[in-house]
Structures are given as C-alpha cells and as structure tokens.
Amino acid sequence: MSDRLGIPADWAWLRQVHGADVVRVLEAGAQGPGDAAYTSVPGLPIAVSTADCYPLIVESSGAVGIAHAGWRGAATGVVEALLRGMAAAGHVPARAAIGPGIGACCFEVGPDVGERFRGHEATTDWGTTSVDLSAVVRAALGDLEVWASGICTMSNEAYHSHRRDATPQRQVAVAWLPA
C-alpha cells in the first residue's frame, strides 16, 4: 500500500481508546494511547483505524493531523482537542476531510447517547432514535473548509462495519505531509 501512495512503509499509529488525547508525532511506530495525532515531519505517515467511527484529517500550513472520532471521542471533544493541539504548536488548521463512518440512517442510539448530542438528533431508516455523528464532527470543525465523504459504513457493504457484522476488520485513514 505504501508504494502505491508514494510514502514510507513505516507509519505512526495510536492505541485508540475512544477519548480525546492528542499525540504529537515525531517518528514512526506505536505512539501509545490516544485518538488524535499530528505531525510536522515531512514524509511521516500517521494513521487511525475505524469501522463505524469517523476518520478525520486536518491540514494546516506545515502540519497534518488525524483523528478517530466515534461518539465517545466526539462527546469528550477529540476534534476540538486536535484543533487546539495543532494551533498551540503553531499549526493553525485550514481545512479538514471527514471519511466514511456510520450515518444517521443507521446509528441507532439510546437516550443516554442521544442526550449528549442535542441538536444533532436524527432518525434511523427503520424509525428509531439516531445521532448524526458526521454533523457533530463537522460542527466541531467550526468555520474550516470541510470535505465529507458522506458514506455510511453500516449501509455500504464495501466498508467494514462493527455494528453491521461485528467484524474485527477496519478501514485505515492515513495522512502525511509531502516530503
């Protein structure tokens, strides 16, 4: 895969914990626990894996960030933490991309989760309570320019979905600064 992307085979990755910890990455390999990372090292790929949570890539002049944004991470502010962490390091975010994740069409939640996301309530295709998690992530990005895939991992069988079939397989999002 790295050859096809034109990037080094050695990537940096996180032990994802569904939280809001942000890691500054300076070298490839395991970076410890966290759900967001950024790097200013050209040519250093950083990655997160997802199977219904949303992968998020944030670009700034001189740095790139990535986040694993599920409902737990979104509720604890992983997106905002990544933006703050990058800005505090002098890398003001300019734009973002939201990859495939579970859509409001399929993200059935109980009242305890729904209450955490007031204003983003929705209804599944089968009529139960849902949250538009993509809209939650987009809102956390404020006025940044945002591209969103709009793909629901649960309803599109081309993607891995833990909710659909309890698969241990994941999609991987990777971001890097050109060398």
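For a footprinting-style exposure proxy, rank CYS106, CYS53 by other Cβ within 10 Å, fewest first. Please report the intermediate quantities before stating the final value.
Values: CYS106 20, CYS53 29.
The most exposed by this proxy come first: CYS106, CYS53.
For ALA12, the residues 5 or more places off, or on other chains, whose built amide H falls under 5 Å of its own are GLY29, ILE46, ALA47. From the alpha carbon centroid of region 36-68 to that of region 114-179 is 16 Å.
Bridges between two residues of the chain, per DSSP, are antiparallel at a rate of about 65%. Normalised radius of gyration (Cα atoms, divided by 2.2 N^0.38 Å) for region 2-175: 1.00.
For region 72-168, the equivalent ellipsoid derived from the Cα gyration tensor has semi-axes of 26, 16, 12 Å, listed largest first.
Read-outs throughout are calculated quantities, based only on the coordinates presented, and are distinct from any laboratory measurement. Every value quoted in this text rests on a predicted model; they were computed, and no experiment measured them. All Cβ positions, glycine included, derive from the backbone under ideal geometry; neighbour counts span all protein chains shown.
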